[in-house]
Amino acid sequence: MGYVKERFKAVADTQAGVIKSIIAEHGDKVLDKVTIAQAYQGMRGIPGLITETSLLDSNEGIRFRGFSIPELREKLPKVEGGNEPLPEGLFYLMLVGEIPSQEDVDHISATWARRSHVPNYVFDTIEALPVSTHPMTQFCTAVLALQTESKFAKAYEEGISKKEYWSYMYEDTMTLIARLPRVAAYIYRRKYKNGDHIQPDGMLDWSANFAHMMGYNDEGFKELMRLYLTIHADHEGGNVSAHATHLVGSALSDAYLSFTAGMTGLAGPLHGLANQEVIRWIEELQREIGSDCPTKEQIADYIKKTLSEGKVVPGYGHAVLRKTDPRFTAQMEFAKTHCPDDPVVKTVWNVYEVAPPILESTGKIKNPWPNVDAHSGALLKHYGLVEEDFYTVLFGVSRALGVLASLCWDRALGFAIERPKSMTTEWIQKFVAKGEAVAG
Ligand code: HAX
């Protein structure tokens, strides 16, 4: 067993003991009430999930094992001469609960490089789809094709004890994460670069190798990838991609099946596809105004037009956050250092100045501030990655770190199959009429 796996098992065993006594001593304590409005409106704010890897505060933003994004940028190991955190380090932190050493991060980089070989039939499966297929559909299909490699599924079929589930889930997690950049880069080169593929470079870290296989060797882009793949990794457990992965995993579906479920959710425009939508919205704005750098007045008019057409302003709003997303701020800081004069970046910053008061004035949008997706496209475009329908795949590669680390935790803690209670409107009507619960 590798030493990271051993460390994970040791902390998970301790945590399992803590949870056991919490349930024994406090299991019948009530966390919150659930209103009828919450049941109808996306279960917003109902505390009903345990996710150990990160926690979201609506005003402060995400913390990974207690560390904010600025703290991670400072404390996580970096490549020599680099300024941005290595996502390998964040994965270790989410799994083990401590900031890793440089040696730990190098160990994970090397493990992922060693496991990154993708079987040819996965590429054949991708090739069976029309090139025009959306990259997220190609990505989900490829992950499903990889499922034939699942160690968990094989072991389960052969018959294993519940106590061993975590070990096979861990192995699948490490292999799947190792292979995702190769799969994603293959889809990128297939769709946009005439199938002119680039072989991996096992000496590079996970993000730099991904950039290299997509065909980007600029050091600034590699740094962007390290930051991007770190900040998109996790956003506690209730968001669609994390929850879908966790839900499907609770049926003991393996890492490949569970992660595919998360990715089909990430592909929705109200979730991960918003990064593609933001850049399209900005380009439409530029086209309509006939300028690369529309004025704040022109942007304001365009936002009002978008709202009057009954559309959302992509990149703004959030189900939980009520302030500017710190993932937006981290990208803004990166842009200030690397590309402050880029016209798309400047437009993103101008939208940031103009949009919140307009969105707030509608009186119904609960969070008028930008989310993670409002900035990412402008940075990618700056480095030449202009194919915006690929952006959600990048998000998906990063999201694997959080949702798969969480799946390892789910199996190590022996979490139960998820099965909340649903009701019909007739049930609600009877409940309201009687003023008390009616047996379902
Ligand atoms: N533009 C226009 N209207 C918006 C809006 C926006 N950016 N954000 C919210 N609203 C509207 C909602 O559509 C809703 O309208 P109706 O009452 O007519 O249905 C109303 O304001 C109240 O919504 P809310 O309670 O503030 O927000 P929700 O929790 O329902 O939804 C969303 C959160 C993120 C889905 C929403 O803000 C949105 O659609 N934003 C634009 C898309 C986007 O950026 N998504 C990415 C979110 C981050 C993420 O998951 N990234 O992966």
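The residues on offer are P87, P77, P47, and the sole one that is within 28 Å of G220 (Cα to Cα) and either free of Cβ contacts under 8 Å to residues at least 40 places away in the same chain or polar (S, T, N, Q) (or both) is P77.
Taking region 241-272 as the range and being without any contact (Cβ under 8 Å) to a residue 40 or more places away in the chain and over 25 Å from L379 (Cα atoms) as the test, the residues that pass are A244, V248, S253, A261.
Counting only helices (runs of 4 or more DSSP H) wholly contained in region 273-362, the ones carrying 3 or more residues that are surrounded by fewer than 18 Cβ atoms within 10 Å (Cβ to Cβ) and within 15 Å of the ligand (Cβ to nearest atom) occupy 296-308, 343-361. Could you check how many residues of region 39-83 are among the aliphatic types (A, V, I, L, M), assigned to a helix (DSSP H, G or I) and away from the ligand (no atom under 16 Å from the Cβ)? Within region 39-83, residues that are among the aliphatic types (A, V, I, L, M), assigned to a helix (DSSP H, G or I) and away from the ligand (no atom under 16 Å from the Cβ) number 1. With respect to the stated conditions, T148 is free of Cβ contacts under 8 Å to residues at least 60 places away in the same chain and of a type outside the set (D, E). Restricting S167, S116, S132, S150 to residues that are hydroxyl-bearing (S, T, Y), surrounded by fewer than 23 Cβ atoms within 10 Å (Cβ to Cβ) and in contact with a Pro (Cβ under 8 Å, 6 or more places away or on another chain) narrows the list to S116.
Put simply, of S241, S207 the only residue that is assigned to a helix (DSSP H, G or I), small (G, A, S) and more than 13 Å from the ligand (Cβ to nearest atom) is S207. Restricting the first member to region 13-40 and to residues that are farther than 26 Å from V96 by Cα, and the second to residues that are among the aliphatic types (A, V, I, L, M) and part of a helix (DSSP H, G or I), the beta-carbon pairs closer than 9 Å and six or more apart or on different chains are I36/I428; I36/V432; A39/I428; Y40/I428. Scanning region 240-252 for residues that are closer than 18 Å to F139 by Cβ and surrounded by fewer than 23 Cβ atoms within 10 Å (Cβ to Cβ) turns up V240, A244, V248. Would you mind telling me which numbered condition in (1) free of Cβ contacts under 8 Å to residues at least 60 places away in the same chain; (2) out of contact with any helix residue (DSSP H, G or I) (no Cβ under 6 Å at 6 or more places or on another chain); (3) crowded, with 24+ Cβ neighbours inside 10 Å Q199 fails? Evaluating Q199 over (1) free of Cβ contacts under 8 Å to residues at least 60 places away in the same chain; (2) out of contact with any helix residue (DSSP H, G or I) (no Cβ under 6 Å at 6 or more places or on another chain); (3) crowded, with 24+ Cβ neighbours inside 10 Å leaves (3) as the failure.
Of the residues making up region 150-173, those that are part of a helix (DSSP H, G or I) and under 23 Å from G265 (Cβ atoms) are F152, A153, M169, D172, T173.
Against the criterion of being more than 30 Å from K163 (Cα to Cα) and not small (G, A, S), L379 qualifies. Checking P370 against (1) within 9 Å of the ligand (Cβ to nearest atom); (2) closer than 23 Å to T51 by Cα, which test does it fail? For P370, the exception is condition (2).
We did not get these values from a lab; they are worked out from the coordinates using the rules stated. Since we're looking at a predicted model, the values are computed, not measured. Note that each Cβ is placed from the backbone with ideal geometry, even for glycine, and that neighbours are counted across all protein chains shown.
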